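See below for the structure under consideration.
All of the numbers you see were taken from the coordinates with simple rules; none came from a lab. Given the structure is predicted, the values throughout are model-derived calculations rather than measurements. Heads up, the Cβs are rebuilt from the backbone with ideal geometry, glycines too, and the neighbour counts pull from every protein chain shown.
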Amino acid sequence: MGQTITQKILARVGDRDHVTPGENYPVRPDYMIAYDFPGYTDRFFRQMKEDFGVTKVADPDRYVLFIDHMLTNKNEREAEVHQVTRDWATENGVHFHEGEGIGHQVAAELGYAMPGHFLIHFDGHISSLGAFGALGMGVRRDLLEGWVTGGIHLDVPASTRFHLTGSFAPGVESRDLIHRIISDIGADGVAFQVMEYTGPGAETMALGQRQALCGMAMFAGGVSAIFNPDEMSLEYSRKVAQHDFEPLYSDPDAEYTARYDIDLDALSPQIVMPGSARAANTRDVTEVGGQKIQRAFIGSCASGRIEDIRAAAGVLKGERVAPGVELNVVPTSRRIYEQAESEGLLQTLRDAGAHVVESTCDFCFGYAKPLEAGEACVSTGVLNISGRMGSPDADIYMGSATTVAASALTGRLTDPREVVAP
Amino acid sequence: MTAETTTPPQVIADVLHGRVAWIFGDDHDIDLMIGVQNIKYTDPEHLHSVCMKAYEDDFTDKVREGDWLVGGRNFGYGHPHYVAMTAMRNEGIVGVVAESFSPGFWRGEVSNGMPLLTVPGISTAVERWDDLEVDWRTATVRVPAKGLELVGQPLNQRTQDMIAAGGRYALLLAEHGRG
């Protein structure tokens, strides 16, 4: 019996020839990543030193720290949190990146997510690195096991295959696909499994779209998501690689728990109703068009990539955001910001009345410009639970960057196909 | 890499007795147990004052040490913050038996030493305040008064060791701590 790409990666980092879903054993991740956040990294640093006697990590090359949260209030607490991280990174000689953007994106840009690599983080959106044929897994506070011991015990997950054909119609993208999948298979449809995207439709998809798709795996119950490397992703990987790499691929006779065939041409723009991404909350945008909004957000580790900003600028070029609507656009990384600036996209958005902000996670979790009670926001953030972006009495609707831009233009939830030329 | 150098301690009995304190539905978002506006609090008294208020005003008067929560499918879905289950543990809740769990929640709370048992059929087989006998290592739930026994998915050895030790941290300390 053949193996999936996930099995091959977890066999490689576990020093095994073959692994079976359900097995539990310690693996040695290629990179163990975190962003600094109170209660996580500061606590880990203290515990490692005081309880485990780790005053300097043994293999610093496998540790990566980002500063991407808590950047925008510019207060003493932020300064303290980040200084603790800088000091620990310096003392331990680990990889450390500040001011470069959201770590889940910067990890790709800096070549940490090589095809065949295995990466862990306490945050599950690390799964976005599956776009490059790497396996990223969120392990919550179990990251400490990796940081203390160099390895982590894992259950080998089974995989479900999503075979994609066709390509996205104008105004439709991978955020619409993931929410359609959740709607169809349920919010636990692939519980404890890896979502593997295959087929000609997968190969047509831009890398940023793949990252968004993989990064949202947790909301279908997935522990990760992955694409097999193809020419598009390998070209990117070769450009950013810090080391040689050996891509891994699923065998043709690999075993999957289930297979779903999806025609991308048949998809339409989706809106996720406030509360959560659970299946019953996904609607075709035409069903909820007309809902007024006061706030709009394009950004996050899932969306806010160059494809998203191009799409938003395409909608808003020569137009103005509706009166009474605040649109914040936060490119996912500094590089994306610079690219969007050089393409004239950010000026287009500013001219349309958008606030363009340097890369940060802060808007997505309600730290920057929190929503006020009674406000309705349409967002490309990763989460729309009550209180996520500010007041628990504000409503968060989620959609693609195109849908958010179209909605910002009209001041109500809007099918982007109404304002995007076919 | 990890190397088990000592026998992990055991701080929880293999078989536990307690009542069903509440039965939640599918896709249960645990933050709602304390209210989203309270997820950044850690003060036990505050958590006690808000625990389950949206569900029942006097829940915290009725619940007692050793009780269990029962859930539907995908228990813990959403963006689970640790503080909700901390509040429940403060009230005496020892574990959750559900039809299934959301993986991120499951990993986070098993790591905190809480037995989270996947037992299909549990949410319709039991009623509130039923007395349970739970063998968490084998995911076996008995309801003596009803003559019922449900057997779920047993936990693997590593997970059993972790729960027995009182959580990932305690297990790591036993295996790798300064001693």
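Some observations on this one:
- Inter-centroid distance (Cα atoms) of region A:102-142 relative to region B:51-77, Å: 35 Å
- A simple packing score, the average count of other Cβ atoms within 10 Å per residue, orders the peptides A:166-177, A:243-254 as A:166-177, A:243-254, with the highest score first.
- With 0.36 nm allotted per residue and the present C-alpha distance subtracted, the A:S167-A:K239 stretch has 23.3 nm of extension available.
- Net charge contributed by nearby residues that have their C-beta within less than 10 Å of A:F227 (K/R +1, D/E -1): -2
- Region A:306-416 shape via C-alpha gyration tensor axes, a/c threshold 1.5: oblate
- Sequence-distant lysines (8 or more away, or on other chains) whose Cα lies within less than 22 Å of B:K53: B:K40, B:K62
- Considering only chain A, percent of DSSP beta bridges that pair antiparallel, nearest 5: 20 percent
- Sorting A:R334, A:R278 by the number of Cβ atoms found within 10 Å of their own Cβ, with the fewest placed first, yields A:R334, A:R278.
- Helical contribution to [θ] at 222 nm, DSSP H n ≥ 4, -39,500 (n - 2.57), averaged over chain A, rounded to 500: -8500 deg cm²/dmol
- Within straight-line cross-link reach of B:K146, aspartates and glutamates at Cα separation under 14 Å, skipping those fewer than 8 residues along the same chain: B:E127, B:D130, B:D131, B:E133
- The order of A:S159, A:S303, going from fewest to most other C-beta atoms within 10 Å of their C-beta, is A:S159, A:S303.
- By other beta-carbon atoms within 10 Å, ranking A:D51, B:D26 with the fewest at the front produces A:D51, B:D26.
- Taking the charge dipole of region A:58-139 about its Cα centre, with +1 at Lys and Arg Cβ atoms and -1 at Asp and Glu Cβ atoms, the residue from A:G133, A:H117, A:N73 reaching farthest to the positive side is A:G133.
- Within chain B, helix-based [θ] at 222 nm, where runs of 4 or more DSSP H residues each add -39,500 (n - 2.57), nearest 500: -7000 deg cm²/dmol
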